[in-house]
Amino acid sequence: MTSPFGPLVIIANPRAGRGKVERQLPAIERVLADAGLEYRIVRTTHPGHATEAAREALHGGERYLVAAGGDGTVHEVVNGMFVGGEPVAAGAVLGVVAAGSGCDIVRSLSLPGDAVRASHHLAGDAIRDLDLGKITFRVGSSEVSRYFANIAEAGLGAAVVARAAGLPRFLGPAKYLCGFWLSLPGFHASAVRVTADGQSYEWRAHNVVVANCRFYGGGMHISPKSEPDDGVLDALVMVGPKSDAFTMLPKIYAGAHLPHRNIVELRAGRVLLEADPPVRIEADGEILGTTPATFEAVPKAIRVKV
């Protein structure tokens, strides 16, 4: 017996969540065995390995990929499902088992936030078509494109993610808060031009959020109006003082920060962002490159197991 989508390929980052994923794999396997599902496990060993494993599995004829870890693991698997701007295999299905230090995408998909309950959702045939965002950005003098499933940022948020990545792993989720306070004093707003579906605007801004889903940063309800299958992206441009980044935190966790006089809300299928000076970009918690960048909605790009 197996899934209607074929045997599962569990792509797991054993180091995610300070080893939480590795510790939970036996429990995940017990759920799959009890459900009579065929599977194999790929334990990733280096950055980009989940992308390689996903692409290799699809080229080999497998069609059911499961990202076990945090948003970064989901990000890598999603990017392994595309090459040259096209799906590697039409009809492939993505499962998500939240087992890392942060897996916010499951909140927008109404999936469980723990590995065991999430594993039960891997059985059956219920799926949901999910939009993706596609970013084209700069790495040095080169232009690079990546997909993101959840949320991208340019500016202070990306600087925080970059700073946090260099902090000791034993800090766990607290390293992002530490990264915030280490990044804030030296960060300065940029002059930005945002072009949303052909309409251009200019401000000074310290952060720009481009959202496909609603949550990031371990439960911050940053984009409460976003729907992951509405065919558009929600852009939030933070034009106030950088102190807004922490004074609004309680309301952001509750999703009650909008409307706000210092946040410009835009909805578009295509968003072009230019900044002077250029700013860093992150997506799904992964540092990518710098502006200028284009964010495009890719409607109904993948099928997600729910």
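Region 283-306 and region 238-269 have Cα centres spaced 21 Å apart.
The ellipsoid equivalent to the alpha-carbon distribution of region 132-300 has semi-axes of 22, 18, 17 angstrom, derived from the gyration tensor eigenvalues as √(5λ) and listed largest first.
Per-residue Cβ neighbour counts within 10 Å put Met220, Met81 in the sequence Met220, Met81, beginning with the fewest. Dipole magnitude for the chain: about 740 debye, using +1 per Lys or Arg Cβ and -1 per Asp or Glu Cβ, origin at the Cα centre. Over the C-alpha trace of the chain, radius of gyration and Dmax come out as 18.7, 58 angstrom. Set the Cα radius of gyration of region 126-168 against 2.2 N^0.38 Å, with N its number of residues, and you get 1.52.
Computed from Cα positions, the angle between helix 16-34 and the longest principal axis of the chain comes to roughly 40 degrees.
Computed from the Kirkwood radius of its Cα pairs, the Stokes-Einstein diffusion coefficient for region 8-125 at 10 °C and 1.306 mPa s stands at 114 µm²/s. The spacing between region 6-52 and region 139-183, judged by their C-alpha centroids, is 25 Å. Modelled label positions at Glu227 and Glu202, each set 7 Å beyond Cα in the direction of Cβ, lie 3.6 nm from each other.
FRET efficiency for the Glu29 to Ala254 pair, using the beta carbon distance and R₀ = 41 Å, is estimated at 0.65. Could you pull out the trypsin sites (Lys or Arg not before Pro) across region 224-292 that fall in loop regions by DSSP (anything but H, G, I, E, B) with no more than 10 other Cβ atoms inside 10 Å? Those satisfying the criteria are Arg261.
The slack between Arg138 and Arg43, meaning 0.36 nm per residue of separation minus the straight C-alpha distance, is 31.2 nm. A 27 angstrom limit on the alpha carbon distance is what I want to check against. Which of Lys20/Lys251; Lys20/Lys134; Lys225/Lys305; Lys134/Lys225 exceed it? Over 27 Å apart, Cα to Cα: Lys20/Lys251; Lys20/Lys134.
Exposure proxy for Leu288, Leu171: other Cβ atoms within 10 Å of each Cβ, ordered fewest to most, give Leu171, Leu288. Under 14 Å of direct C-alpha separation, and excluding same-chain neighbours fewer than eight residues apart, Lys300 reaches these aspartates and glutamates: Glu86, Asp129, Asp131, Glu227, Asp229, Asp230.
Kindly identify region 64-128 as rounded, prolate or oblate by the Cα gyration tensor criterion: order the square roots of the eigenvalues as a ≥ b ≥ c, call it rounded if a/c is under 1.5, otherwise compare a/b with b/c, prolate if a/b is larger, else oblate.
The shape class here is oblate.
Helix-derived [θ] at 222 nm for the chain: sum -39500 (n - 2.57) over DSSP H runs of at least 4, divide by residue count, nearest 500?
-7500 deg cm²/dmol
Relative to the Cα centre, the charge distribution of region 8-125, modelled as +1 at Lys and Arg Cβ and -1 at Asp and Glu Cβ, gives a dipole magnitude of about 360 debye. Per-residue Cβ neighbour counts within 10 Å put Tyr176, Tyr216 in the sequence Tyr176, Tyr216, beginning with the fewest.
A short reminder: the numbers here are calculations on the coordinates, not readings from a lab. Because the structure is predicted, anything quoted here is derived from the model rather than measured. Virtual Cβ from ideal backbone geometry, glycine too; neighbours counted across all protein chains shown.
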